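S.K.: Dumping the structure here so I can ask a few things about it.
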Amino acid sequence: MHRSIPALLLTLGFAACSAPAGAQTPHADAPEPVHAAMSTAALDLLAALGTGARAERAHRPFEDTNRTTWAYVPGPRAGLPLSEMTAEQRRRTHALLRMVLSDSGYLKVTGIMQLEEVLRAIETAGFPRDLEAYTLAVFGDPGTPEPWGWRFEGHHVSLNFTSVDPDGLSTSPLFLGSNPAEVRTGSLAGLRVLSSEEDLARLLVRRLPPALRSRAIVSDEAPFDILTRNDPVARDLPREGLPAGEMGSSDRLLLLKLLEVYAGNLEESIAEARLTAIREAGIENLNFVWMGSTEPGEPHYYRIHGPTLLIEYDNVQSDANHIHTVWRDLENDFGIDLFRQHYKNSPHHHP
């Protein structure tokens, strides 16, 4: 039986980490109110950290090489983990998350964190599991005209935001994973944090006409992981599979619905900006690629690949019960293209 996330997380105590009562939770991808709200929330968090060793670990120079060194496996991170924060600092960290995530995106992130407790219960060996091992790092100085950014990261979560100027915010790479993909034992049995990412894509490939399905499925074997891994710069992959322009109208609509699931992890205005950019580049220019089995419970992989967009999904590990997903901007991960435009159009950066 499929379990939803919200009621479970309320019971498990994440509600206490949400934004304070009465606080607005606007979000951003460039619109002024959202961008400003994110900056204010980051400044509030830095103020709560004060000075000293913990603040120095969380607040780092924008030029720090760790800004573009991201990962989705367990292990130490640059920044300050939740486990070393006070209750107020944790509350402000979650308030910052609520500024940029939709309600469903926030519930996915906190649900993924809660799966660390599930892994602790079912594993007999391996990595130490800790839902407070997730780390916050702010790079540069929010509230100034200079570029700044921040990251929230831990096992199966990497959220990267880069603010270049009041009109430009990069929101990728964005990685979410789920292990287990479906909880099969215990009080959370049936919970599937990333169910839509799996089910909609399978529905799409299975309902394609046979001739088109055979073009979309480029291999009977699925790769062990997403192909771009945690590369600082997303490498472009072979343009193969089925072009969306050759799908029927109902299948293109289902592909768009799948894109909306990924974009919809972020606040409404960010999601709409992402989808607008995809529409402007042309939905017909996207390719849908599937590898592996189309049967539930068997290893599979897919990607949605366009001129500027790369979404990868993989479910192979742990007997095909372990999902990795990532959204990459082929032009603007970590704000690379925004920097190019910023320095081109800002005379004070030229001698």
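The values are calculated or read from the model by the stated rules, or taken from the named source; none is laboratory data. Since we're looking at a predicted model, the values are computed, not measured. Virtual Cβ from ideal backbone geometry, glycine too; neighbours counted across all protein chains shown.
S.K.: Out of (1) within 30 Å of Thr185 (Cα to Cα); (2) charged (D, E, K, R); (3) free of Cβ contacts under 8 Å to residues at least 60 places away in the same chain, the odd one out for Lys108 is which?
M.R.: Result: Lys108 passes all but (3).
S.K.: Does Pro173 count as in contact with an Asp or Glu (Cβ under 9 Å, 6 or more places away or on another chain), under 30 Å from Pro147 (Cα atoms), assigned by TED's automatic domain parsing to the domain that holds Ala137 and modelled with pLDDT of 95 or more? Please lay out each step first, then the result.
M.R.: Numbers: in contact with an Asp or Glu (Cβ under 9 Å, 6 or more places away or on another chain): yes; under 30 Å from Pro147 (Cα atoms): yes; assigned by TED's automatic domain parsing to the domain that holds Ala137: yes; modelled with pLDDT of 95 or more: yes.
Criteria met by Pro173.
S.K.: Let me ask another. Taking the stated definitions as given, is Arg207 more than 15 Å from Val289 (Cβ to Cβ) and among the basic types (Lys, Arg)? Break it down stepwise before answering.
M.R.: Values: more than 15 Å from Val289 (Cβ to Cβ): yes; among the basic types (Lys, Arg): yes.
So Arg207 fits the description; yes.
S.K.: In addition: Residue under question is Gly154, and the condition is that it be in contact (Cβ under 8 Å) with a residue 40 or more places away in the chain, touching a His at 6+ places or on another chain (Cβ under 6 Å), under 28 Å from Met291 (Cα atoms) and not assigned by TED's automatic domain parsing to the domain that holds Asp333; does it hold?
M.R.: Working: in contact (Cβ under 8 Å) with a residue 40 or more places away in the chain: yes; touching a His at 6+ places or on another chain (Cβ under 6 Å): no; under 28 Å from Met291 (Cα atoms): yes; not assigned by TED's automatic domain parsing to the domain that holds Asp333: yes.
The answer is no for Gly154.
S.K.: Somewhere in segment 281-295, is a residue touching a residue at least 24 places away in the same chain (Cβ under 8 Å), within 18 Å of Leu174 (Cα to Cα), out of contact with any Cys (no Cβ under 8 Å at 6 or more places or on another chain) and of a type outside the set (Gly, Ala, Ser)?
M.R.: Checked against the condition, which is being touching a residue at least 24 places away in the same chain (Cβ under 8 Å), within 18 Å of Leu174 (Cα to Cα), out of contact with any Cys (no Cβ under 8 Å at 6 or more places or on another chain) and of a type outside the set (Gly, Ala, Ser), segment 281-295 yields no hits at all.
S.K.: Only one of (1) surrounded by fewer than 20 Cβ atoms within 10 Å (Cβ to Cβ); (2) closer than 22 Å to Gly335 by Cβ; (3) of a type outside the set (S, T, N, Q) is not met by Glu56, so which one is it?
M.R.: Just one mismatch for Glu56, condition (2).
S.K.: OK, next. I'd like the full set of residues that are assigned to a loop (DSSP other than H, G, I, E, B) and either surrounded by fewer than 20 Cβ atoms within 10 Å (Cβ to Cβ) or in contact with a Gly (Cβ under 9 Å, 6 or more places away or on another chain) (or both), limited to segment 189-210.
M.R.: Ala189, Gly190, Val193, Leu194, Leu208, Pro209
S.K.: Can you confirm whether Arg213 is outside the structural domain of Ala36 (by TED's automatic domain parsing), over 30 Å from His155 (Cβ atoms), out of contact with any Leu (no Cβ under 6 Å at 6 or more places or on another chain) and surrounded by 15 or more Cβ atoms within 10 Å (Cβ to Cβ)? Explain how you work it out, then say what you get.
M.R.: Details: outside the structural domain of Ala36 (by TED's automatic domain parsing): yes; over 30 Å from His155 (Cβ atoms): yes; out of contact with any Leu (no Cβ under 6 Å at 6 or more places or on another chain): yes; surrounded by 15 or more Cβ atoms within 10 Å (Cβ to Cβ): yes.
Answer is yes for this residue.
S.K.: Which ranges mark the strands (runs of 3 or more DSSP E) fully within segment 254-320 that have 3 or more residues being farther than 25 Å from Val183 by Cα and assigned by TED's automatic domain parsing to the domain that holds Ala201?
M.R.: On the way: elements: 287-292, 300-305, 309-315.
Because the criterion is at least 3 residues that are farther than 25 Å from Val183 by Cα and assigned by TED's automatic domain parsing to the domain that holds Ala201, the strands (runs of 3 or more DSSP E) in segment 254-320 that meet it are 287-292.
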